[in-house]
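Structure, as C-alpha cells:
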Amino acid sequence: MEDIHSILIGMLTNFVWVPVGALLAGIGFWMKVRLPNRKLWRANDPSCLTVCVATSTMTNTGPYSRPSTGIGQVRALALSEGSLIKAYSKKLDIRNIILSVEPLQERIENDMLILGGPKNNKVADKFLNLLHDEQPAMQIKSMIIWRVNRVGGRWVDQGAIEYEGQAVNRHVEIDYGLIVRTQSPFTSRSRVAILFSGSHTYGTVAAAKFFTEDLHKHLRKLTKDGRKNFSVLISTHVVDGHPTKMKVERSYAW
C-alpha cells in the first residue's frame, strides 16, 4: 500500500508541476523574447505591416520590364521577418511586401518597414525628406550625412559629417548602415515607420542585423524620458559579404 500511495503522490505532484512549469516557461519566453522584440518594433498591427523594398534593377524581358531588388534588401527582409515572428508570432503577409516602384495607395497608412536608401527607394527618399527638420540623418545616393549643428531649432548642413562605404579592389570592406524608427510621417494614425538603409548593400544588411540582434542593448538609453523616435548610424566591417564588428557611430532620439 505504501508503494501505491507513493506512486499516487508522485503522479499528483507531476500533474500539478507540469502546467506550472509550462506557465513559467511561457512567462520566461514572453519576458526574454517576445517583449524585447515588441519594444523594438512597436507595430500597431503587424498583420498589416507594409514592407517597401528598394527597386535595384529593371530587367528588359522583351514584352515588359521586370523590377527586382538587391541581395542586401532580401537579407535584411529575412532578418526582419525572424525578429517579427519572435515579437508577434505572425509571418509577414507576402501581399504587403512590395517594390518601391509599385503604388502604395492606402497601404502607406499601415505600419511600415522601408528597406534600402533614397537612391533606389523613392519611399525612403520621401520618408527622410519628411523627417528633415526632426532628426540629423540625411542620405544622398551612397553618402550618409549626419548633421551635428542646429540653428534656431533647425538642423543645418554646416559642419555635417559624411559617411560612405570604403571599397578596395572593387570589394566593400567598410560600410555604414542607417536605422530610423519613428511615428509614421505618412499618416495621422498611430503607426510606426522603420528604415534600414546603407551606404552600400551591406550597410542595409548591417542595419537590419544590428536592429534585430543588438539594438536592445541601447534601447533604454535611446527611449529614456518617454522618447519613442530615434536615428542610429552604425559602421560595419564586411568580410566575404558578411557585415561584422558593428559599432554605433552616431545616435539621436526625440
Compactness of the stretch 81-171, expressed as Rg and Dmax over alpha-carbon positions, Å: 16.8, 45
Relative contact order as a percentage, the chain, C-alpha pairs under 8 Å and 6+ apart, gives 17
Given a 1.4 angstrom probe, what's the average accessible area per residue across the stretch 146-254, in square angstrom? 51
May I ask for log10 I(q)/I(0) of the chain at q = 0.13 Å⁻¹, from a Debye sum over the Cα atoms as equal point scatterers with solvent left out? -0.82
Compute the convex hull volume of the Cα atoms of the stretch 138-207, divide it by the residue count, and report the result per residue in Å³ as a whole number. 104
How many nm is it between the label spots at Glu173 and Leu35, if each spot is 7 Å from the Cα in line with the beta carbon? 4.5
With label points built 7 Å along Cα→Cβ from the Cα atoms of Thr57 and Asn44, find their separation and express it in nm. 3.8
Simple Cβ-charge dipole of the chain, Lys/Arg +1 and Asp/Glu -1, about Cα centre, in debye nearest 20: 500
Computed helical MRE - 222 nm, the chain, DSSP H runs ≥ 4 contributing -39500 (n - 2.57), nearest 500: -10500 deg cm²/dmol
Whole-Hz Karplus ³J(HN,Hα) for the stretch 164-181, in order, using 6.51 cos²θ - 1.76 cosθ + 1.60 and θ = phi - 60°, x for Gly and Pro? 9, x, 10, 10, 10, 6, 6, 10, 6, 10, 10, 9, 10, x, 10, 10, 10, 10
Carbon plus sulfur, as percent of the 1.4 Å-probe accessible area of the stretch 65-195, comes to 49
Beyond 19 Å between alpha-carbons counts as too far, so tell me which of Lys39/Lys228; Lys39/Lys217; Lys39/Lys221; Lys91/Lys119; Lys122/Lys245; Lys39/Lys141 fall in that bin. Lys91/Lys119; Lys122/Lys245; Lys39/Lys141
Give me a comma-separated list of calculated 3J(HN,Hα) values for the stretch 211-220, in order, Karplus coefficients 6.51, -1.76, 1.60 applied at θ = phi - 60°, integers in Hz, x for any Gly or Pro. 4, 7, 10, 10, 5, 4, 5, 9, 5, 4
Order by protection proxy (mean Cβ within 10 Å, highest first), peptides 156-168, 238-250: 238-250, 156-168
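The values are calculated or read from the model by the stated rules, or taken from the named source; none is laboratory data. Keep in mind that what you see is a predicted model, and the values were worked out from it rather than measured. Cβ: placed from backbone, ideal geometry, glycine included. Neighbour counts: every protein chain shown. What goes into the accessible areas is simple: the full protein's heavy atoms, side chains included, and nothing from ligands, DNA or RNA. Shrake-Rupley method; radii C 1.70, N 1.55, O 1.52, S 1.80 Å.
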